[in-house]
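As structure tokens, the structure follows; a few thoughts come after it.
Derivation of every value follows stated rules applied to the coordinates shown; laboratory data play no part. The structure displayed is predicted, hence computed values, not measured ones. Neighbour counts run over all protein chains shown; Cβ positions are idealised from the backbone, glycine included.
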Amino acid sequence: MKCKISKSLSFFLLSLFFTFFQTISLAQDFIETLVEQPVGVFHLGNRTSDTREVVQVKLPPNTIRWFYTFSAYRDKAAVDRGKSVFNLFSELSKFIDESGATAFALDKISNPPGTDYADAFLLLSANDVKKFENRENDFIPVREGSRKNLISGKFIIDNPSFTKGYQYLGFRNNNLFYGVNIQVQIVAVVRELAPMTKWTVDSKNIFFKVFSSLFYSVGLGKYLDKMSVEKLVSCIMSQLTKHETPESLKGRAGYELFEILEKYGNECDAQLGTGLSKMDLKPDAVSSLIQGKWKDENSVFTLFKDGSMSIKWDNGSSAFGNWKISDGLLKFSINKANYDYFIVELSDQKLVFELVGNEKEKYTAIKQIDN
């Protein structure tokens, strides 16, 4: 008769994926895309008429930087000629295609053409926008996006304070006798997580750590040694990565994930003879193993049954805090700071844990017995 893994373990395996997709972003690549905001051309009169114009910039979500250029022309016909010479979106597309990064593109893109002079300002606040529109001169410009008396200009704005929501550009003509035509081009760089259409080495490593940590968090270390746990995790991973991609798993409903995990769990259990169906695996099973006094490379810490903890470092300093097992991770809260750890190994005598996002911070703790 086919052996079924226990329901508690099946639901545990299902919860794995909700945890996995929260942490997989540690290994997921980002992509940069360009979003163009059409502005076009407007006319600034001479000093005896309307000499100023404010352009509202609506930045898309996840903008990490944005570029704008302007060109000043007295002759309106020159504007059309300038459009055929310089296109900001096309200039930046070269760097997206070549390297996927635009942080250093400003000095590499061409200078936009121009034949007359104007001032360009990135305005600091809504109050400064009002002052600029009212032809007051005590408005505050943002230095990185502002210049005076140029025939053309190119700017990159990457200060996080000015890469969200609405931003405002102000343009001014100081000529007493002539008006000027201003052409403005604006392109935002948006950074988003790339679709995970295949497994990478990094994503597999993250997956392995999350999976192993979750198994230890339900008490598997009471029944299997570290090598057996790793074999079981590797077997289930091999099946999943062979038949599924991260994106395909994200697109599956909960009952579909349940069926997949139950299937591979049964196959690996039978193949390795681990006897998962006979094990009492549940979320609170780890508590009896992890509670107690431990000594690692630079401290002695005690995890109490009520979720409190104390720690004394080798340098003599000490602190109190709290601990818990949540989403398969060992979580410490010490001095108002939170630390999440993968459980790399756990038995009644040994605890190995690694800081999420920093594999260099890995600690091996040995259970201490008070005399």
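In nm, give the distance between the simple-model label positions of Ala337 and Ala319, each being 7 Å from the Cα along the Cα-to-Cβ direction.
Reported label-point gap for Ala337 and Ala319 is 0.5 nm.
So how much slack lies between Gln368 and Lys108, counting 0.36 nm per residue of separation and subtracting their Cα-Cα distance, in nm? Mind showing how you got there, number by number?
Working: separation 260, 0.36 × 260 = 93.60 nm, distance 6.11 nm.
Length gained between Gln368 and Lys108: 87.5 nm.
Roughly how many debye, to the nearest 20, is the charge dipole of region 247-371 about its Cα centre, given +1 on each Lys and Arg Cβ, -1 on each Asp and Glu Cβ, and no other charges?
Numbers: 16 positive and 20 negative charges, 89 e Å.
That gives a dipole near 420 debye.
Show the residues, 5+ positions off or on another chain, whose built amide H is closer than 5 Å to the amide H of Asp29.
Distant-sequence amide H within range of Asp29: Ala194.
What is the dipole size for region 30-193, taken about its Cα centre, with +1 at each Lys and Arg Cβ and -1 at each Asp and Glu Cβ, in debye to the nearest 20?
Numbers: 20 positive and 19 negative charges, 67 e Å.
So the dipole magnitude of region 30-193 works out to roughly 320 debye.
Could you tell me the relative contact order of the chain? Use alpha-carbon pairs under 8 Å, at least six residues apart, and round to a whole percent.
On the way: 693 pairs, mean separation 78.7, N = 371.
Computed value for the chain: 21 percent relative contact order.
In whole Hz and in residue order, list the ³J(HN,Hα) couplings for region 291-300 that follow from phi through the Karplus curve 6.51 cos²θ - 1.76 cosθ + 1.60, θ = phi - 60°; x for Gly and Pro.
Coupling constants for region 291-300: 5, x, 9, 10, 10, 10, 5, 9, 7, 10 Hz.
Among Phe86, Phe353, Phe30, which one shows the highest mean-square fluctuation when the chain is modelled as a Gaussian network with alpha-carbon springs under 10 Å?
In the Gaussian network model the winner is Phe86.
Which value does Rg/Rh take for the chain over its C-alpha atoms, Rh per Kirkwood? Before the final figure, lay out the partial values.
Working: Rg = 30.1 Å, Rh = 25.3 Å.
Checking Rg against Rh, the ratio lands at 1.19.
Between Leu176 and Ile140, what FRET efficiency comes out of the Förster formula 1/(1 + (r/R0)^6) with R0 = 30 Å and r the beta carbon distance, rounded to 0.05? Before the final figure, lay out each step's value.
Details: r = 26 Å, r/R0 = 0.85.
About 0.70, to the nearest 0.05.
Using helices alone, what [θ] at 222 nm do you get for the chain, with -39,500 (n - 2.57) per DSSP H run of 4 or more residues, divided over all residues and rounded to the nearest 500? Can you show the working numbers first?
Details: 9 runs with 110 residues, N = 371.
Computed ellipticity for the chain at 222 nm equals -9000 deg cm²/dmol.
Using the Karplus curve 6.51 cos²θ - 1.76 cosθ + 1.60 with θ = phi - 60°, what ³J(HN,Hα) values do you get for each residue of region 86-92, in whole Hz, with x for Gly and Pro?
Karplus values, whole Hz, x for Gly and Pro: 9, 9, 4, 4, 5, 4, 6.
Dipole size in debye (nearest 20) for the chain around its Cα centre, Lys and Arg Cβ +1, Asp and Glu Cβ -1?
Numbers: 46 positive and 44 negative charges, 62 e Å.
With Lys and Arg at +1 and Asp and Glu at -1, about 300 debye.
Return the long-range amide H neighbours of Val41 (sequence gap of 5 or more, or a different chain), with a cut-off of under 5 Å between placed amide H atoms.
Under 5 Å from the amide H of Val41: no residue qualifies.
With θ taken as phi - 60° and the coefficients 6.51, -1.76 and 1.60, list the Karplus ³J(HN,Hα) couplings across region 313-327 in order, rounded to whole Hz; mark glycine and proline as x.
The phi angles translate into 7, 5, 7, x, 6, 8, 7, 10, x, 9, 9, 6, 9, 8, 6 Hz.
If contacts are Cα pairs under 8 angstrom and at least 6 residues apart, what is the relative contact order of region 30-193 in percent?
Numbers: 371 pairs, mean separation 81.8, N = 164.
50 percent.
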